[in-house]
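Nothing in this text is a laboratory measurement; each read-out follows from the coordinates by a stated rule. Treat the numbers as computed from the prediction; the structure is a model and nothing was measured. All Cβ positions, even for glycine, are placed from backbone atoms using ideal geometry, and neighbour counts span all protein chains on display.
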Amino acid sequence: MEKDNNEISFLHSEFSTKLTLSYAPGIKAGFPSPAEAYEVDVLDFNKDMIRHPDTTFYGRVRGDSMINAGICDGDILVIDRSIEPHNGDVVVAYYDNKFTVKFFDNTHIDEGYINLVPANPSFETFRITADDDLTIWGVVQYTIKDWRRK
């Protein structure tokens, strides 16, 4: 197993700027309808994707422990610190003196531990007990990815 190399570098978030973009809702991956080419709506990231501006942050992923979940090195995470994590959520955790991104697994809480689970079989699951120093820093709401990697 590899040592966990995921790190999160936090980015400055500024929610006071309104940026409204046009987008086409319901883009299909099959055969498009000619009428769908004319459907246009408006998307405002601040309004449509950020529920709690005061507790939402961006973070850039460094590492590949979540690659099988589609979270890759260089992706930007939209992280909400006000959301209570549920089993299966992707979370940003502060553990072992560093930030990491993992799946939250609390199915063993009655046995006295939770797991932080990577999405890459080359990495180990972190088994966290009450004796460990862990902070669930926030829940990942969205992933922004650059499909044209350099």
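Below, the figures for the structure above:
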item	result
Protection-proxy order for peptides 99-105, 118-124, each taking the mean of Cβ atoms within 10 Å per residue, highest first	99-105, 118-124
Two-site FRET efficiency, Tyr142 against Tyr94, from Cβ-Cβ distance with R₀ of 22 Å, rounded to 0.05	0.60
Rounded if a/c under 1.5, otherwise prolate or oblate - region 90-132, Cα gyration tensor axes	oblate
Ser65 long-range amide H proximity, modeled H, under 5 Å	Asn5, Asn6
Point-to-point label distance, Arg51-Thr135, nm (Cα→Cβ direction, 7 Å offset)	2.3
Mean Cβ neighbour count within 10 Å, used as a protection proxy, ranking 54-60, 129-135 highest first	54-60, 129-135
